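S.K.: Let me give you the structure first, and then I'll get to my questions.
Taken together, the values in this text are just the output of simple stated rules run on the coordinates, not laboratory data. Just so we're clear, the structure is a prediction, and the values are computed from it rather than from any experiment. Here the Cβ is made from the backbone with ideal geometry for all residues, glycine too, and neighbour counts use every protein chain on show.
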Amino acid sequence: MKNTFGQNVSVTLFGESHGAEIGAIIDGLAPGIEIDETFIAGQLTLRRPQGIISTARQEPDPFQIVSGVFEGKTTGTPICVIIPNSKAHSADYSATRSLARPGHADYTAFCKYHGFEDYRGGGHFSGRITAALVAVGAIAISALQKKGIAIGTHISRCAAIADRSFDDLPADIAKLNQAAFAVLDAEKGEQMRAAIEKAAKQGDSVGGVLETAVLGVPAGLGEPWFDTLEGTLAHILFSVPAVKGVQFGAGFDMADCFGSEYNDAFRMDNGKIVTATNHNGGINGGISNGMPILFRCAVKPTPSIFKKQDTVDFLKNENAQLELRGRHDPAIIHRARVVVDSVTALALCDVLAGRFGTDWIRGDGI
């Protein structure tokens, strides 16, 4: 029953949705990395609910760093961040304790933990736990930025409405990292918001696709087989609640292409080896090639909806119906994008430490 990711820089999550607090421990970061608590707070704000397009559960997330930081810099020992829960409505869940909510982990959690799990609000499976990931992810993002590595994610598609594609990557990433609703085309963003609001009024929910770009990753990261860069990133990306698909570069679109269309031709550009296109998403043979890393995540519609659904009572072993009450998101995608940025940074810190040593993230140059 493991809740830890990473071999060189590791992250452990703890807490439950309606417990006293949630948190994360990040271990393996080099000493001397500056901690910007204002930036951490800003990242947590990007994850926070936004009016009618989100849950009514509004948590202030006053995080506290309780170890691993001294006089504003990392000490090299485990960093523990805790965030209290203050807005839990546990009574919303007591009446439906043994009813398996479709799309949720209620039944599978019962099978794994034999009924001892905290079922309130999804317990340890709740998207609430991603706040802790964002807090420690902000530390990783900030450290990577100082090494020239930038990460940005936009809502590529939501409710069948498509945003424009990445164009000028540095400018687009900078824009996204300041946006509360991460789209590149403001008009499309308004259409997405309207679609989410419409679903909310109907007691339903919508999903979509997040597209992420990473700039500045050096060539040579990853392993050729079981620890490919795609595999490591996919591992942590699939840990984000609601992510049901991950593709790199052109991904499934390449299935209908010829090799002559899909291959990325190598060229020299001012003494640097680059590719003319980037259909492979910056990775060849499981190893980064120095081009921007590009991937997409499919985010399912939020499973908590206010429509009557068929289910089972797994304690009585009988069919049942479920009609939810409480506070739920009609879409999670706009809040999930900062979580994707955060886990991407954590995975890259782990791989970079394995390639160049744990002190690389703090030092100057490779």
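S.K.: Treat each spin label as a single point 7 Å out from the Cα along the C-beta direction, and report the Ser67 to Glu34 distance in nm.
M.R.: Using points 7 Å along Cα→Cβ, the separation is 2.7 nm.
S.K.: Another question, if that's okay. How far is it, in nm, from the label point at Ala41 to the one at Asp359 when both lie 7 Å from their Cα along the line to the Cβ?
M.R.: 3.4 nm
S.K.: Here's another thing I want to ask about it. Under the rule a/c < 1.5 gives rounded, and otherwise a/b versus b/c splits prolate from oblate, where does the range 298-363 land using the Cα gyration tensor? Spell out each step's value before the answer.
M.R.: Details: a/c = 5.12, a/b = 2.66, b/c = 1.93.
Since a/c reaches 1.5 and a/b is larger than b/c, the shape of the range 298-363 is classed as prolate.
S.K.: I would also like to ask the following. What are the residues whose amide H is under 5 Å from the amide H of Asp185, where those residues sit 5 or more places off or on another chain and H is modelled from the backbone?
M.R.: Arg164
S.K.: Set the Förster distance to 45 Å, then compute FRET efficiency between Ala95 and His235 from the Cβ-Cβ distance, nearest 0.05.
M.R.: My answer for the efficiency is 0.80.
S.K.: Moving on to the next point. Mind running the shape call on the range 218-366? Use the C-alpha gyration tensor, a ≥ b ≥ c as the square roots of the eigenvalues: rounded below 1.5 for a/c, prolate if a/b tops b/c, oblate otherwise.
M.R.: Taking the square roots of the gyration eigenvalues as a ≥ b ≥ c, the range 218-366 is prolate.
S.K.: For a bin width of 10 Å, list the pair-distance distribution of the chain built from all Cα-Cα distances, rounded to whole %.
M.R.: Taking every Cα pair in the chain, the percentages come to 5, 23, 32, 25, 12, 3, 0.
S.K.: I've got another one for you. Can you list the HN-Hα couplings for the range 145-152, worked out from phi with the Karplus curve (6.51, -1.76, 1.60; θ = phi - 60°), rounded to whole Hz and with x for Gly and Pro?
M.R.: 4, 6, 9, x, 9, 10, 10, x
S.K.: Filter Lys201/Lys308; Lys198/Lys307; Lys112/Lys308 down to the pairs with a C-alpha to C-alpha distance above 23 Å, please.
M.R.: In this structure, Lys112/Lys308 lie more than 23 Å apart at Cα.
S.K.: Something else about it: Can you bin the range 179-239 into rounded, prolate or oblate? Criterion: square roots of the alpha carbon gyration tensor eigenvalues sorted a ≥ b ≥ c, rounded for a/c under 1.5, prolate for a/b above b/c, oblate for the rest.
M.R.: Judged from the Cα gyration tensor, the range 179-239 comes out oblate (a/c at least 1.5, b/c at or above a/b).
S.K.: Run the simple label-point estimate for Lys198 and Lys146 please: 7 Å along Cα→C-beta, distance reported in nm.
M.R.: For Lys198 paired with Lys146, the spin-label model returns 4.7 nm.
S.K.: Karplus couplings for the range 187-203 from phi (6.51 cos²θ - 1.76 cosθ + 1.60, θ = phi - 60°), rounded to Hz, Gly and Pro as x?
M.R.: Working through the residues one at a time gives 5, 5, x, 5, 5, 5, 4, 5, 5, 5, 4, 4, 4, 4, 5, 8, x Hz.
S.K.: For the range 160-276, count all C-alpha to C-alpha pairs, find those more than 25 Å apart, and express that count as a whole percent of the total.
M.R.: So the pairs more than 25 Å apart make up 41 percent of the total in the range 160-276.
S.K.: Have a look at the range 23-177 and give its Rg and Dmax from the Cα atoms, expressed in angstrom.
M.R.: Over the range 23-177's Cα set, Rg and Dmax evaluate to 18.7, 51 Å.
S.K.: Order 206-218, 224-236, 164-176, 126-138 from most to least packed using the mean count of other Cβ atoms within 10 Å.
M.R.: 126-138, 206-218, 224-236, 164-176
S.K.: Another one. Applying the Karplus parametrisation 6.51 cos²θ - 1.76 cosθ + 1.60 with θ = phi - 60° to the phi angles of the range 345-359, what ³J(HN,Hα) value in whole Hz is obtained for each residue in order, glycine and proline being reported as x?
M.R.: 5, 5, 5, 5, 4, 5, 5, 5, 5, x, 7, 10, x, 5, 7
S.K.: While we're on this one: Add -39500 (n - 2.57) for each DSSP H run of 4 or more in the chain, then divide by its residues: what number comes out at 222 nm, to the nearest 500 deg cm²/dmol?
M.R.: About -8500 deg cm²/dmol.
S.K.: DSSP loop (so not H, G, I, E, B), at most 16 other Cβ within 10 Å: list which trypsin sites (Lys or Arg not before Pro) in the range 236-320 pass both filters.
M.R.: Lys307, Lys308, Lys316
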